[in-house]
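**Q** Here you go, one structure.
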Amino acid sequence: IDINDVLTGEQLFSMPMDESTVSLSFAGNLLAMENDGAITVWSLARNGDEITLEQVYEFAYDGVSLREVRWHQYENKMAAVGTVNDDETYLYFWDLSGAEPMMMTAAVPAEIVEFAWRPDGTITFATVDDDNTINILEEIP
């Protein structure tokens, strides 16, 4: 992963990561990387021209493949889709505002194709059934 200054193009930070998806929190202070079914959260700080990344959490669970991180717009909360043993789908939620992360899960009835946080802290998500019907569901959690 490379972090560059958008104004000058100067490379500020570089770290090798194989096939990771990166997601920056809306506040710009946390960075989540998805890799091999796990999510690593890094604290991002800038002091003048220097940027530092410090790993603060790693979420990896046996038999669970995590993907599609979404950050809450106003709070240090994130959500991700988790597939358990390739056949059960859950939404995983983490509140990262305290000293220890709080995690919750919610089972969903089908494969999630998209989801997003709402300003009130609930999530709207879309699922697709076997007959290609798209369902819009709300109020999780």
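**Q** Out of the range 30-59, which residues are without any contact (Cβ under 8 Å) to a residue 24 or more places away in the chain and either of a type in the set (Phe, Trp, Tyr) or part of a loop (DSSP other than H, G, I, E, B) (or both)?
**A** ASP36, TRP42, GLY48
**Q** Please enumerate the residues belonging to the range 1-44 that are surrounded by fewer than 13 Cβ atoms within 10 Å (Cβ to Cβ), β-branched (Val, Ile, Thr) and modelled with pLDDT under 75.
**A** VAL6, the sole residue that qualifies.
**Q** Which is within 30 Å of GLU10 (Cβ to Cβ) and of a type in the set (Val, Ile, Thr), of THR83, THR52, THR89?
**A** From the options THR83, THR52, THR89, the qualifying one is THR52.
**Q** So, in the range 60-78, exactly how many residues are in a loop (DSSP other than H, G, I, E, B) and surrounded by 14 or more Cβ atoms within 10 Å (Cβ to Cβ)?
**A** Looking only at that region, the number is 5.
**Q** Looking only at the range 63-82, how many residues end up being polar (S, T, N, Q) and more than 12 Å from LEU96 (Cα to Cα)?
**A** The total comes to 2.
**Q** Checking ILE123 against (1) over 17 Å from TYR74 (Cβ atoms); (2) in contact (Cβ under 8 Å) with a residue 40 or more places away in the chain; (3) of a type in the set (Val, Ile, Thr): exactly one of these is not met. Which one?
**A** ILE123 satisfies all of (1) over 17 Å from TYR74 (Cβ atoms); (2) in contact (Cβ under 8 Å) with a residue 40 or more places away in the chain; (3) of a type in the set (Val, Ile, Thr) except (1).
The values are calculated or read from the model by the stated rules, or taken from the named source; none is laboratory data. Every value quoted in this text rests on a predicted model; they were computed, and no experiment measured them. When we count neighbours, we look across all protein chains shown, and the Cβ atoms used for this are built from the backbone with ideal geometry, even at glycine.
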